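*Asks:* Next up is a structure, given as structure tokens.
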Amino acid sequence: MKSKNYKFVRCVSVFALVVTIILDAACIVFSVYAISALREKADFWGIAFVVIMLFSDVLGVLFTKETLSNGVKFFDDYVEFTGIDENNVYKYSDIERIETSRDTKASFRKNFVDRYSNVTLYLKDESVVCIQLGLTSGKTLKKITDELTSRL
């Protein structure tokens, strides 16, 4: 059922992107520092610092990959939401209609979760699926809505 031809719309909030860039930069800076400290004095603590930094670099790469891979993949006959662990593939023929929502009203009482973008799929078997995309921009939500409606 997997196809290589698809259109991908990335769902990454600006906040998550900034945090990812800061963490990646910190990993690079600490790795350079660890290697330079190891060149000066190769003792147990220097080697331990380099080993810890190698693990943090691997985790940083995996974290960045996971952050940037969240989104919506539009294939020829189905849509896949990559930020969901299970039940993330829906055929266009099974979807009756869609609704999207995103809270943009100003409020000091709302949390980040209250600001998430939602896609509600009304399926032909009379079930309703609500998918939270996270903090996305209005432009990203419009791209997803337009692509879904054009394929239904």
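*Asks:* Restricting attention to the stretch 55-62, does a residue exist that is part of a helix (DSSP H, G or I) and closer than 21 Å to Lys142 by Cβ? Outline the logic, then answer.
*Replies:* Filtering the stretch 55-62 down to residues part of a helix (DSSP H, G or I) leaves 55-62.
Remaining after also requiring closer than 21 Å to Lys142 by Cβ: none.
No: zero hits.
*Asks:* From (1) under 30 Å from Gln132 (Cβ atoms); (2) touching a helix residue (DSSP H, G or I) at 6+ places or on another chain (Cβ under 7 Å); (3) open to solvent by 90 Å² or more (accessible area, probe 1.4 Å); (4) not charged (D, E, K, R), pick out the condition that doesn't hold for Cys11.
*Replies:* Failed condition: (3).
*Asks:* Another question, then. Where residues in the stretch 30-48 are of a type in the set (Ser, Thr, Tyr) and without any contact (Cβ under 8 Å) to a residue 12 or more places away in the chain, which of them is nearest to Gly60 (Cα to Cα)? I'd like the intermediate steps shown before the answer.
*Replies:* Of the residues in the stretch 30-48, the ones of a type in the set (Ser, Thr, Tyr) are 31, 33, 36.
Then keep just the ones that are without any contact (Cβ under 8 Å) to a residue 12 or more places away in the chain; that gives 33, 36.
Working: Tyr33: 17, Ser36: 20 Å.
That would be Tyr33.
*Asks:* Turning to a different aspect of this structure: Based on what the data block shows, is Phe55 under 16 Å from the mean Cα position of the chain (by Cα) and open to solvent by 40 Å² or more (accessible area, probe 1.4 Å)? Break it down into steps so the answer makes sense when it comes.
*Replies:* Details: under 16 Å from the mean Cα position of the chain (by Cα): no; open to solvent by 40 Å² or more (accessible area, probe 1.4 Å): yes.
No: the conditions fail for Phe55.
*Asks:* Those residues that are in contact with a Lys or Arg (Cβ under 7 Å, 6 or more places away or on another chain) and more than 13 Å from Tyr90 (Cα to Cα), I need them from the stretch 119-135; list them, please.
*Replies:* Let us first name the residues in the stretch 119-135 that are in contact with a Lys or Arg (Cβ under 7 Å, 6 or more places away or on another chain), namely 122, 135.
Scanning the stretch 119-135 gives a single hit, Leu135.
*Asks:* How many residues are surrounded by 13 or more Cβ atoms within 10 Å (Cβ to Cβ), over 14 Å from the mean Cα position of the chain (by Cα) and more than 29 Å from Leu152 (Cβ to Cβ) when one looks only at the stretch 59-75?
*Replies:* Our first condition is that a residue be surrounded by 13 or more Cβ atoms within 10 Å (Cβ to Cβ); within the stretch 59-75, this holds for 60, 63-64, 67-75.
Retained after the next criterion (residues that are over 14 Å from the mean Cα position of the chain (by Cα)): 60, 74-75.
After this cut, where a residue has to be more than 29 Å from Leu152 (Cβ to Cβ) as well, the list is 60.
Counting residues in the stretch 59-75 that are surrounded by 13 or more Cβ atoms within 10 Å (Cβ to Cβ), over 14 Å from the mean Cα position of the chain (by Cα) and more than 29 Å from Leu152 (Cβ to Cβ) gives 1.
The values are calculated or read from the model by the stated rules, or taken from the named source; none is laboratory data. Bear in mind the structure is a predicted one, so any value in this text is a computation, not a measurement. No Cβ is skipped: glycine too gets one built from the backbone with ideal geometry, and neighbour counts run over all protein chains shown. Surface areas here come from the heavy atoms of the whole protein model, side chains and all, with no ligands, DNA or RNA. Shrake-Rupley method; radii C 1.70, N 1.55, O 1.52, S 1.80 Å.
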